[in-house]
1. Which is farthest toward the positive dipole end of segment A:62-111 among A:Ala76, A:Gly87, A:Thr107, measuring Cα position about the Cα centre, with Cβ charges +1 (Lys, Arg) and -1 (Asp, Glu)?
2. Going highest first, how would you order B:297-305, B:372-380, B:279-287 by mean Cβ packing within 10 Å?
3. Rounding to the nearest 20 debye, state how big the charge dipole of the protein assembly as shown is about its Cα centre with +1 on each Lys and Arg Cβ and -1 on each Asp and Glu Cβ.
4. Starting from the alpha-carbon convex hull of the protein assembly as shown, give the projected area averaged over all orientations, in nm².
5. In whole angstrom, note down how far apart the Cα centers of segment B:510-526 and segment B:383-417 are.
6. Excluding the sites themselves, what is the longest stretch of chain A that contains no trypsin sites (Lys or Arg not before Pro) in a DSSP loop with at most 13 other C-beta atoms within 10 Å?
7. Averaged across B:414-426, how many Cβ atoms of other chains sit within 10 Å of each residue's Cβ atom?
8. At a 10 Å Cβ-Cβ cut-off, how would you order B:Met501, B:Met227, B:Met396, B:Met316, fewest neighbours first?
Amino acid sequence: MKMVTAIVKPFKLDEVREALSVIGVQGVTVTEVKGFGRQKGHTELYRGAEYVVDFLPKVKIEAAVDDAIVDQVIEAIEASARTGKIGDGKIFVSTLEQVVRIRTGETGKDAL
Amino acid sequence: MTPTPTSLAAPTGGRERPRGALRPLMARHGIDMKQLFIALLFTLITAGFGGAAFAQDAASAPAAAAAVMDAASGAAAAAPAAPAAAPVPNKGDVAWMLVCTALVIMMSIPALALFYGGLVRSKNMLSVLMQVLVVFSMIVVLWCLYGYSLAFSEGNAFFGGFDRIFMRGLFDAATGEFTMGATFSKGVVIPELLFLAFQATFAAITCCLIVGAFAERMKFSAVLLFMAIWFTFSYVPIAHMVWFWPGPDAYTSKELVDGLNAKAGWIWQMGALDFAGGTVVHINAAVAGLVGAYMVGKRVGYGREAFTPHSLTLTMVGAALLWVGWFGFNAGSALEAGNTAVLAFMNTFSATAAAVLAWSIGEALIKGKASMLGAASGAVAGLVAITPACGNVGLMGAIVIGFVAGFACLWGVSGLKKMLGADDSLDVFGVHGVGGIVGALLTGVFNSQALGGPGVVSDWVTGAVSSVPVMEQVWIQLKAVAITIVWSGVVSLIAYKVVDMLVGLRVSEEDEREGLDISAHGETAYHN
């Protein structure tokens, strides 16, 4: 099992969710986050005061998936979240040791 | 004196001793409460001082309006066949002034409170709302107790007297009669109590304006104590100096003119024009704010952390409400529902619009983008600048004043602010100081009939108007501005020092970081 964590542009969230549903991902967790990468922040000006905003709003999508579909998931996110401009985000994949469905007590692949 | 010891001691003495883990927190609050009581005690002492003087003065000196009446009856005595009928207020004038008074109340609460509140960080939102609301309320009470009397009854050139202390002589409960007060037109009166109410809102909003300069770091008790002192020794005398005069009806013959003029306030006697409070309200408050910003010191993290306004939406709501309320402030300063009110209304309307455009254009040219905060600030800048001018300048003059103020105040909050080096949190000096000075000086320019202005009264007996040469009037205006700056500056400096010694000006760094909402008031503006 793998944990796929994608940081994407907020307005791309719906497209990513759609694409993941199509390939059978049963559920995701979404968090509004801020961060910085190669995309530069912007400056905000309030009367005489100028502030550089380094941390830009992004959406973090976490999906726990079976090893069998992890490549499909990555492709789906890549395709749906891409605008081609700097700031499109990143996808991190890590190994997931255990999953438990709380309601039934199922574990591992059955719990995904 | 009122029996203060028992009433003041009761809340602290009666409180149950805190126990256990809560103790340090409660103890800290105990200190704050003590300071608050010191502030209130001072207020009561000031009032008590007024009361004592009142007792001494009770028998002497007639009130301003009574003086007007006396003069009128003096004229009647000269022609005994026709006894002068007591002037009756016009219901339209009374209705108009009641509405204007309510509009100016709206300018402080909620308009100014929201305008300021939106500009601070969310952790200090309630502290700003609270400071504006409580300062407003406290000043209204002080105004009724002694402020009105010291500002608007006859005294010397700097302070009024004690004739109207505790609102004495305005309403006779036995006969149900109200004393009439003068307006700017001969034979036109309004109840003097209504004038007191209208002017109460001016005194209160002036003090509220200062709050913006030291927002986000001053102790609540220090704010209140400072306001009580500053109101008494700066607002009240400046209002007297600029606005007190015996009223038009008193001027019944040429021989009386010099004697009557000598009873007026110092700056009024110079011939300075301030229709609705450029000096009295805006410059006065702005200087107090700037001195405060220096004395209280910069906010923790100033220049390093981003002090982003937490809700420009509320700032816009506040600015828009200010604009509406300002019609009461400016047009109401005509004191009657007549032509001058219409002139002041239109000038307030157009100058503000011009200033919004000017600020937006200035920002777009200099910074590349026109901002909402800039446009809202431009509106306030225009309103401030047209305040002394509104009934004193012509229609195009007002638009020019608004335009100049928009650009000038944009500089006030950027270039000038850097030069001054003070953390004037919400740019009270940049907007109200610069706008007030620009407005006061340009009033001297555009008052001239050659430039479309209405001119000034040159014959007090007939009420005839003429123009003072522009440079001469501007020089008078400049003197009025300078006196106000020095007076308010000195009073503020002393007042902040006194407050610092008595209760301390500033909250602890820990409290400041936590935010004044929780640390000073124990509540939070937004929950989610």
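We did not get these values from a lab; they are worked out from the coordinates using the rules stated. Being a predicted model, the structure only gives us computed values, none of them experimental. All Cβ positions, even for glycine, are placed from backbone atoms using ideal geometry, and neighbour counts span all protein chains on display.
1. Projecting each Cα onto the dipole axis, the largest value belongs to A:Gly87.
2. B:279-287, B:372-380, B:297-305
3. Values: 43 positive and 48 negative charges, 231 e Å.
Using Cβ point charges on Lys, Arg, Asp and Glu, the protein assembly as shown gives about 1120 debye.
4. Working: hull surface 150.0 nm².
Seen from a random direction, the Cα hull of the protein assembly as shown projects 37.5 nm² on average.
5. Between the Cα centres of segment B:510-526 and segment B:383-417 lies a distance of 36 Å.
6. Details: sites that count: A:Arg38, A:Lys40, A:Lys85, A:Arg101, A:Arg103.
Between the exposed loop sites, the longest stretch runs A:41-84.
7. 1
8. Ranked by crowding around the Cβ, least crowded first: B:Met501, B:Met396, B:Met316, B:Met227.
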